[in-house]
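The values are calculated or read from the model by the stated rules, or taken from the named source; none is laboratory data. As the structure is a computational prediction, the values presented were derived from the model and not from experiment. All Cβ positions, even for glycine, are placed from backbone atoms using ideal geometry, and neighbour counts span all protein chains on display. For accessibility, only protein heavy atoms count, side chains too; no ligands or nucleic acids. Shrake-Rupley method; radii C 1.70, N 1.55, O 1.52, S 1.80 Å.
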Amino acid sequence: AIACREGTPEDLLKAMRLYQAVKIICEKKKLDAVTLSCFSLIEKLGTTGCLALALLNDEGIPPGGCEGDLQSIFTLLIAKTLTGQAGFMANPAFINDDQNEIVMAHCTIATKMVISLSSGIILKRRPG
């Protein structure tokens, strides 16, 4: 990341611990896809699955999505099978044409995809 705004080192550590845990489960269970209940994670662990799913998508282990969205997971599996490329799901939450900026919610985009599209990534804490 080129910057980390609003979050603390502890926030990043929580997110990375979740990433490691989900990765281990995916590998041990040989999962074809994974989805997380992010709002439950916020309540119980104080973190979301966004970074974990993005990093897993970087590694292609396996397609990941949010909130049990099985339609998106199924679509991600089809896309990966057809193209061999990782996909992602996201909801546009805010678009600022003047600053050429878009804020995505429920975003699982692989960081490699973002870096190839721009000069870098800025990590921000999820509001709420």
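Of note:
- Peptides 92-100, 22-30, 44-52 ranked from most to least packed give 44-52, 22-30, 92-100, packing being the mean of other C-beta atoms within 10 angstrom over each peptide's residues.
- Residues 70, 31 ordered from highest to lowest accessible area at a 1.4 Å probe: 70, 31.
- Accessible carbon and sulfur surface of the range 54-105 relative to its total accessible area, %, 1.4 Å: 56
- Links that overshoot a 20 Å alpha carbon limit, given the list 80/112; 23/80; 29/112: 29/112
- Using the Karplus relation 6.51 cos²θ - 1.76 cosθ + 1.60 with θ = phi - 60°, the per-residue 3J(HN,Hα) values for the range 72-78 come to 5, 4, 4, 5, 4, 5, 4 Hz, with x marking Gly and Pro.
- Distances between placed amide hydrogens fall under 5 Å for residue 65 paired with 34, 35, 36, all partners being 5 or more residues away or on another chain.
- Qualifying aspartates and glutamates (Cα of each under 19 Å from Cα of residue 30; at least 8 residues distant if same chain): 58, 59
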